[in-house]
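Chemist: This is the structure I want to talk about, given as structure tokens.
The values are calculated or read from the model by the stated rules, or taken from the named source; none is laboratory data. Keep in mind the model is a prediction, meaning the values are calculated, not measured. Backbone-built Cβ (ideal geometry, glycine too); neighbour counts: all protein chains shown.
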Ligand code: PBG
């Protein structure tokens with residue numbers, strides 16, 4: 001006798017019945033870049049299909065995402081001015097604050113997450129305050145808390161600290177509670193590696209460090225135990241959702257964090273992962289759509305409950321048009 005696993009792969013309908021992982025539009029969080037101005041929708045060269053929006057056009061984009069069933073966006077701001085402290089990040093009339101209220105006005109149910117970090121707002125491009133040529137952890141915490149509270153005040157549903165300072169989740173939780181934003185959640189970039197996959201994002205958000213790198217605060221790609229420690233600390237400090245970033249080269253970490261965690265785990269399918277697919281597709285070397293669906297499915301299979309991805313809109317289109325599904329006819 002031969003054991004024949006191929007029986008379960010024989011027809012599309014059988015394959016569909018025994019499929020273990022189902023990707024859903026509801027898993028997606030769409031990253032969005034917002035800038036000042038009017039009527040702007042500027043293409044980002046290293047991320048074909050992605051744009052920097054002004055507040056008026058971001059509202060239209062969000063309406064389109066919502067109508068496709070995508071429940072959530074994460075906002076990144078490009079300020080009009082930068083300084084050493086990143087003070088435009090907590091300004092009541094700052095770019096992210098304005099975008100939040102404009103979106104809430106038109107698409108009130110859209111779950112708005114905001115990236116909380118200083119790198120887009122500091123003139124040196126680091127994620128915190130500089131002292132003695134390094135990012136000063138404790139001096140940065142208070143500024144992150146200010147930024148988080150101002151996002152909450154503008155109507156954010158979740159704030160998402162991406163700076164990798166120690167202790168920031170508890171500082172932010174306390175600041176939100178003190179200001180009576182008890183229902184504003186924290187999606188923490190708990191496990192964030194010092195990765196070369198962020199290259200295109202730093203063009204999109206104009207946030208490359210002007211000196212040095214981020215290795216004294218972001219994690220070493222060789223480490224896995226440390227990922228579990230970071231995840232555990234953030235859960236203890238009060239994170240509602242934790243995140244692993246990047247996704248594609250860190251599927252083992254997503255699985256390990258998922259196995260440890262009692263809170264939802266998000267994966268960030270980052271800019272470099274997106275750009276690689278787009279570039280190879282443009283060269284005619286891969287089928288971009290199939291590779292996209294395969295990558296996203298793998299992230300879900302690895303244990304991601306939520307996926308932040310620049311593919312959100314394209315993948316939603318595919319899912320809404322029953323990609324690879326068996327059409328059931330009544331005849
Ligand atoms: C800000 C931030 C970065 C990304 C998300 N938030 C850049 C960085 O840490 O250098 C990267 C996202 C992407 O590459 O898609 N700290």
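Chemist: Just to be sure I understand the filter: pairs with C-beta atoms under 7 Å, separated by 6 or more residues or on different chains, first member in segment 195-214 and farther than 15 Å from residue 247 by Cα, second member in a helix (DSSP H, G or I) and more than 7 Å from the ligand (Cβ to nearest atom). Which pairs pass?
Modeler: From segment 195-214, the pairs are 200/275.
Chemist: Kindly check whether there is at least one residue in segment 184-198 that is in a loop (DSSP other than H, G, I, E, B), within 15 Å of the chain's Cα centre (by Cα) and surrounded by fewer than 24 Cβ atoms within 10 Å (Cβ to Cβ). Break it down into steps so the answer makes sense when it comes.
Modeler: Within segment 184-198, the first condition is being in a loop (DSSP other than H, G, I, E, B), and the residues that meet it are 184, 194-195.
Still in the running and within 15 Å of the chain's Cα centre (by Cα): 195.
Those still in the list that are surrounded by fewer than 24 Cβ atoms within 10 Å (Cβ to Cβ) too: 195.
Yes - at least one qualifying residue is present in segment 184-198.
Chemist: Going through segment 222-232 one residue at a time, which ones are touching a residue at least 24 places away in the same chain (Cβ under 8 Å), surrounded by fewer than 19 Cβ atoms within 10 Å (Cβ to Cβ) and either part of a helix (DSSP H, G or I) or within 16 Å of the ligand (Cβ to nearest atom) (or both)?
Modeler: Passing the criteria: 228, 232.
Chemist: Please work out which residue is surrounded by the most Cβ atoms within 10 Å (Cβ to Cβ), limiting yourself to segment 257-276 and to residues that are part of a helix (DSSP H, G or I) and either out of contact with any strand residue (DSSP E or B) (no Cβ under 9 Å at 6 or more places or on another chain) or at pLDDT below 95 (or both). It would help to see each step written out before you state the result.
Modeler: In the first step, residues of segment 257-276 are kept if they are part of a helix (DSSP H, G or I); the result is 257-260, 271-276.
Keeping just the survivors that are either out of contact with any strand residue (DSSP E or B) (no Cβ under 9 Å at 6 or more places or on another chain) or at pLDDT below 95 (or both) gives 259-260, 272, 275-276.
Details: 259: 10, 260: 14, 272: 20, 275: 22, 276: 16.
Filtering first and then ranking leaves 275.
Chemist: Same structure again: Looking at segment 52-63, is at least one residue crowded, with 18+ Cβ neighbours inside 10 Å, part of a loop (DSSP other than H, G, I, E, B) and more than 19 Å from the chain's Cα centre (by Cα)?
Modeler: Scanning segment 52-63 turns up at least one residue that is crowded, with 18+ Cβ neighbours inside 10 Å, part of a loop (DSSP other than H, G, I, E, B) and more than 19 Å from the chain's Cα centre (by Cα).
Chemist: With respect to the numbered conditions (1) farther than 20 Å from residue 259 by Cα; (2) near the ligand (Cβ under 8 Å from one of its atoms); (3) out of contact with any helix residue (DSSP H, G or I) (no Cβ under 8 Å at 6 or more places or on another chain), which one is the sole condition not fulfilled by residue 208?
Modeler: Status for residue 208: all satisfied but (3).
Chemist: Right, next: Quick one: how many residues across segment 154-175 are under 21 Å from the mean Cα position of the chain (by Cα) and more than 22 Å from residue 216 (Cα to Cα)?
Modeler: Of the residues in segment 154-175, 7 are under 21 Å from the mean Cα position of the chain (by Cα) and more than 22 Å from residue 216 (Cα to Cα).
Chemist: If I filter segment 208-220 for residues that are at pLDDT 95 or above, in a strand (DSSP E or B) and under 27 Å from residue 132 (Cβ atoms), do I get at least one hit?
Modeler: Yes, segment 208-220 has at least one match.
Chemist: Pairs under 6 Å by beta carbon, first residue without any contact (Cβ under 8 Å) to a residue 12 or more places away in the chain in segment 131-156, partner surrounded by fewer than 23 Cβ atoms within 10 Å (Cβ to Cβ) and not in a helix (DSSP H, G or I), six or more apart or different chains?
Modeler: 136/129; 139/129
Chemist: Kindly evaluate residue 177 against the criterion of being loosely packed, with under 14 Cβ neighbours inside 10 Å and either in contact with a helix residue (DSSP H, G or I) (Cβ under 8 Å, 6 or more places away or on another chain) or under 20 Å from residue 120 (Cβ atoms) (or both).
Modeler: When the stated conditions are applied, residue 177 does not pass them.
Chemist: Which of the residues belonging to segment 296-314 are farther than 14 Å from residue 50 by Cα, part of a helix (DSSP H, G or I) and within 16 Å of the ligand (Cβ to nearest atom)?
Modeler: Selection gives 296, 299.
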